[in-house]
Amino acid sequence: MVSVCAHYFLTRAVGESSLVQERHLLLDPSDPMVDLSGLKCDSARSRVQELLAIKASVLNELRDLEQHRQQLQESIASATSRVESLRQEEARIRTELDRLKTSVEQALLTQREVFEKNMPQIVAPKRITATSLDDVPLPPPSPHASSRCRMHSCFDYSRCSLLSGFPVYTYDLDSQHGGDLEAFVKITVSQALGYNAHVTPDPSRACVFVALLGEGAGGAAEGDRADVESTLHSLSHWNGDGRNHLLLNLGRTFYSHNIFEGLDTGRAMIVQSHFNSHSFRPGFDLVAPPLLGLPGGDLWKDLPPIVPAKRKYLMSYQGELPRLRNHLEKKEGDDTRETDNTERTLPTNPYLREEITLVGELTKLERTHTDDRFFLRFTCQGGGGYGDLEEWRICETEDDRTQILRDSTFALVLAPPSPLQASTVMLQARVFEAIKLGAVPVILGNHIQLPLSETIDWRKMALVLPKARVTELHFLLRSVSDGDVLLMRRQARVVWERFLGSTQVLIDSILAVLRQRLNIPPLPPPLEPSPSVFNASFMPLKTDANILDPDTDENLGPIEPPFPSPAFTRNYTGPQLQAYELWNTHAADPFLLHPARPTDPPRPHRG
């Protein structure tokens, strides 16, 4: 207990002495403020006031420093936001600069492509036509040279520039050869030529001169041919050789004939239905059907439907060869035991003997053991048929033939007995009636010329066979499917309506074939405003403009200005590359040059 108390008091005494010593060390002996023994009350008050003033001054300085610090912080924050906005502006300007660089590069690339292709945008050129200085008389060619005329040897291309538009001049034949043409032919052909856009009243600018000749009002007369040659040579622009002339011999009856046979037609082109193999000049003359249709207008109203594919008769024929009439009638009445007498009555002409064999094979088709029905008549009732004595004539009236063809799937067409006959009026009339009424033509004789075969593909709507195939004809007809029959029938309907069915479409087709030979593009269709589908009370709807964000993350390149679609870029290549499609498809239209077609090939991105 004693020891504990001693330890407590000793420790406390040492602690107090050390505390006094530390306080003494904190006071500076040299500081006059330490020694306060000599101070009075007034001096102490002034000293306190002085200290308070010093404190207030220090507080003011601290306040000013704090205010200045806050201003500096605000300036730093403002500068920081300014720096950030400048960075955004820099990014926007850099993006715009990239766009401008891309635009410049694209413009340079386009310029380089234009220089490399050297194909400036072609606009409508100035029209170049012939003048009166081109009417230079030339001596007529020899008969041998005339019979070998082709476009390169007998046509004057200097009058038909690619930029001429194909102007056509038609003669007024009423004042030039007495007006003895058949009234229907003269009126309908004149009207058709008047409606054609290529016809011009100025002969000095014409590329082609059209002269209409043909049968008289009383039918074809052999004596009329004596005046035809003098009429041709007296034409005002014949110029000695008849170059660039188109002679139309378009008959209306089955008795029309070749009025130019044996005549000097010079370098003129001939369009008619009757041609011999030695007188027809391929690529120069044209085969056309007789004018058996309407003058113009809609042609589909009186036509039979295309379906069904199969009709009452598998094949039909009505005709008569006058030189075989007696033989065929006797053969039908004779007994089979009199074959020796029949052999003795056969004609000596080998072509007629071939026709007898042909008829014999065809008559066997009516005795077939199948369900197929045939309507084959090789002799006409009464006084005979219509047409030339040297070929298969047409029997019965038009109404009777129409009824039979409406019920026929195929229509037989026999070529003339003589292989020298390339085309006749009877042949073209049979083909005309067959495709009009939906009977697929089956032509026996592959040496003949069909209408406008230079541009029209007859393989798509007719079966053209040599006569030697007559023994296999039934098998061939049975092998044609219903789909193919409908396809050929529809193609024939399209060709008949657009190119052959009326005087108007036939004249337009003849001129279009000649224009295509010259590589002259057709005329564009007239511009007409599109009719509005809204009435007068309709108020157009308004939409908000779509404002694009200029600060896009992706660089999509500059926005190109709007420009119209290219038009008329295939004025010369289109009619040439698509010539077959323009004449042989359901969208056929070789008469007009459209700004663009759906079948035009797409333009490459970098071509």
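Rule-based calculations on the coordinates, nothing more; no lab input. Please read these numbers as outputs of a predicted model, since none were measured by experiment. Quick reminder, even Gly has a Cβ in these numbers, built from the backbone with ideal geometry, and neighbours come from all protein chains shown.
Normalised by 2.2 N^0.38 Å, where N counts its residues, the alpha-carbon radius of gyration of the stretch 313-501 equals 1.02. Measuring from label point to label point, each 7 Å out along Cα→Cβ, what is the Gln73 to Ser46 span in nm? Here the answer is 4.3 nm between the modelled labels. Each residue of the stretch 407-422 was assigned a 3J(HN,Hα) from its phi angle through the Karplus curve 6.51 cos²θ - 1.76 cosθ + 1.60 (θ = phi - 60°); the sequence is 9, 10, 6, 10, 10, 6, 10, 9, 5, x, x, 7, x, 6, 8, 7 Hz, with glycine and proline shown as x. Put a plus charge on the Cβ of each Lys and Arg, a minus charge on the Cβ of each Asp and Glu, and nothing anywhere else: the dipole of the stretch 382-442 about its Cα centre is then about 180 debye.
Across the stretch 435-451, computed HN-Hα scalar couplings (Karplus, 6.51 cos²θ - 1.76 cosθ + 1.60, θ = phi - 60°) run 6, 5, 9, x, 8, 5, x, 10, 9, 9, x, 8, 9, 8, 10, 9, x Hz from first to last residue, x flagging Gly and Pro.
Less than 5 angstrom separates the built amide H of Ile443 from those of Val413, Leu463, Val464, Leu465, all sequence-distant by 5 or more or on a different chain. Rounded to 0.05, the FRET efficiency of the Leu294 and Ser204 pair, given R0 = 35 Å and the Cβ-Cβ distance, is 0.50. Rounded to the nearest Hz, the phi-derived 3J(HN,Hα) couplings of the stretch 95-103 under the Karplus curve 6.51 cos²θ - 1.76 cosθ + 1.60 (θ = phi - 60°) are 5, 4, 5, 4, 5, 5, 4, 5, 5, where x marks glycine and proline. Net charge of the neighbourhood of Leu514, taken over other residues with C-beta under 12 Å away and scored Lys/Arg +1, Asp/Glu -1, is -1. Annotation: amide H-H contacts under 5 Å for Gly385 (H modelled 1.01 Å from N, sequence separation of 5 or more, or interchain): none.
The relative contact order of the stretch 231-293 comes to 35 percent, based on Cα pairs under 8 Å that sit 6 or more residues apart.
Each Lys and Arg adds +1 at its Cβ and each Asp and Glu adds -1 at its Cβ; summed about the Cα centre, the stretch 132-287 shows a dipole of about 560 debye.
Between the beta carbons of Ala567 and Ser103, assuming R0 = 35 Å, the FRET efficiency works out to 0.85 to the nearest 0.05. Relative to the Cα centre, the charge distribution of the stretch 439-543, modelled as +1 at Lys and Arg Cβ and -1 at Asp and Glu Cβ, gives a dipole magnitude of about 140 debye.
For Val199, the residues whose modelled amide H falls within less than 5 Å of its own, excluding neighbours fewer than 5 places apart on the same chain, are Val168. Near Leu133, once Lys and Arg are set to +1 and Asp and Glu to -1 for all other residues with Cβ below 12 Å from its Cβ, the sum equals 0. Within the shell defined by Cβ-Cβ distances under 9 Å, the residues around Cys149 carry a net charge of +3, with Lys and Arg each +1 and Asp and Glu each -1. Ranked for footprinting exposure by Cβ neighbours inside 10 Å, fewest first, Val185, Val271, Val533 give Val533, Val271, Val185.
Legend: ranking of residues Ser75, Ser423 from fewest to most surrounding C-beta atoms inside 10 Å; resulting order Ser75, Ser423.
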